[in-house]
1. What tally of residues in segment 200-255 results from selecting those that are surrounded by fewer than 16 Cβ atoms within 10 Å (Cβ to Cβ) and at positive phi?
2. Being touching a Ser or Thr at 6+ places or on another chain (Cβ under 8 Å), outside any loop (DSSP other than H, G, I, E, B) and not polar (S, T, N, Q) is the filter here, so list the residues in segment 242-266 that pass it.
3. Which residue is nearest to His269 (Cα to Cα), if the candidates are limited to segment 24-62 and must be β-branched (Val, Ile, Thr) and part of a helix (DSSP H, G or I)?
4. Buried (at least 21 other Cβ atoms within 10 Å of the Cβ), touching an Asp or Glu at 6+ places or on another chain (Cβ under 8 Å) and of a type in the set (A, V, I, L, M): is that true of Ala166 in this structure?
5. Based on this model, can you work out whether Leu237 counts as modelled with pLDDT of 95 or more and over 21 Å from Phe300 (Cβ atoms)?
6. Would you check if Asp99 is within 23 Å of Val67 (Cα to Cα), of a type in the set (D, E, K, R), in a strand (DSSP E or B) and more than 16 Å from the ligand (Cβ to nearest atom)?
7. Would segment 102-109 turn up any residue that is touching a Leu at 6+ places or on another chain (Cβ under 8 Å), within 16 Å of Leu349 (Cα to Cα) and of a type outside the set (Ser, Thr, Tyr)?
Amino acid sequence: MAEMSFSSRLLALIGILTTLTSCDTIPWQEKKLKHEATTLNSSELSSIVAHTDLDRMWQKDLKSMLVVRYPGSAGSQQVQQHIKSTLSLLKAGWDVTEDSFYANTPYGQLPFTNIIATLNPTAKRQLVLACHYDSKYYPPQWDGREFLGAIDSAVPCSMILELSRAQDDELKTLKNSGSDLSLQLLFFDGEEALYQWTSEDSLYGSRHLAHKMATASHPPEATNTSQLDSIDLFVLLDLIGGPNPRFGNQFSSTTRWLSRLRNIERRLHALGQLENHPNEVQYFWPGLHVGLILDDHIPFLNRGVRILHLISTPFPAVWHTFDDNEENLDQTSISNLNKILQVFVLEYLNKKSPENQVVEGS
Ligand SMILES: [Zn+2]
């Protein structure tokens, strides 16, 4: 065996040092590719799950959202107000902004408003949770029947609001920690086609916001990164609330995060935290390939954002019918999914429950 020369030993040492410090040399906008979530222990999981309350979500959020709320309607204003006031009352101190604009529709120009809530706007990286709050417009010829869009998407938006309320203390601690990874909530207007789905008549809000974020520097002084680069992962919730939900896989780039949801489902099942859940895995199927579904993620996907699309497939039977209402919701699966989603978010953000954190010094 030949002895290594001084220069080759030096090169080897540099190689080791480079490996050791490589975490810090990855540009921030690429950290999402290697991001590892924390895995909470059983008592931490139980504590997080105990914070969420389905009845509270139902009374506070869902009842407020189950109104006719197509773009520009009085119900839309009411729901916008509910979203903004709910978030502004929380201790975490959300930065809530609006993206308002007019767009041409088959019914003429209509006003649209997206709501963007950011826990820490100065954080470089954001885990994004998104839903659409508008309801599909039906002309008033249906004998007074109203389309309320319970699964589409009053429940998904309520789940996001309940998450922010249930984990308010955790999110406040995260914000105060100065972490460069934070949480952003997007409530889209105008997802639904007003007349018939085309690339022009659909996704009004998400098309507008994706364009706006692509042209906004992030951090503000940056010259080559935009707010879209800040999106670690874009988690879109849609058509949730029916019985036996099943989430398949559309994107190989985010399979590991769908697998993580499956893993959380399994862990909470083992802890007896999921109701009416006989099998250890019922909801998340990373091995089940699903074709591309057109939804609010598309304008972001087309700009290179990584997507986790949590939409029940096949679509629930009540989809786009007047039966998509409160009576046809399945409470236990919504409650179970609230728990799984909340654990997913806190683990992604590497956030333990405050009462379980070890405080160093005193
Ligand atoms: Zn719809």
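The values are calculated or read from the model by the stated rules, or taken from the named source; none is laboratory data. Since the model is a prediction, treat every value here as computed from it, not as a measurement. Note that each Cβ is placed from the backbone with ideal geometry, even for glycine, and that neighbours are counted across all protein chains shown.
1. Adding up the residues that qualify gives 1.
2. Result: Phe247, Gly248.
3. In this case the residue turns out to be Val49.
4. Numbers: buried (at least 21 other Cβ atoms within 10 Å of the Cβ): yes; touching an Asp or Glu at 6+ places or on another chain (Cβ under 8 Å): yes; of a type in the set (A, V, I, L, M): yes.
So Ala166 fits the description; yes.
5. Values: modelled with pLDDT of 95 or more: yes; over 21 Å from Phe300 (Cβ atoms): no.
Spelling it out, it is not the case that Leu237 is modelled with pLDDT of 95 or more and over 21 Å from Phe300 (Cβ atoms).
6. On the way: within 23 Å of Val67 (Cα to Cα): yes; of a type in the set (D, E, K, R): yes; in a strand (DSSP E or B): yes; more than 16 Å from the ligand (Cβ to nearest atom): yes.
Considered against the rule, which asks whether it is within 23 Å of Val67 (Cα to Cα), of a type in the set (D, E, K, R), in a strand (DSSP E or B) and more than 16 Å from the ligand (Cβ to nearest atom), Asp99 comes out as yes.
7. no
One line per residue, one yes/no per condition, for (1) surrounded by fewer than 22 Cβ atoms within 10 Å (Cβ to Cβ); (2) closer than 27 Å to Ile311 by Cα; (3) under 18 Å from the mean Cα position of the chain (by Cα):
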position: Leu87; (1), (2), (3): no, yes, yes
position: Lys91; (1), (2), (3): yes, no, no
position: Val96; (1), (2), (3): yes, yes, yes
position: Thr105; (1), (2), (3): yes, yes, no
position: Tyr138; (1), (2), (3): yes, yes, no
position: Phe147; (1), (2), (3): yes, yes, no
position: Ala154; (1), (2), (3): no, yes, yes
position: Glu162; (1), (2), (3): no, yes, yes
position: Phe187; (1), (2), (3): no, yes, yes
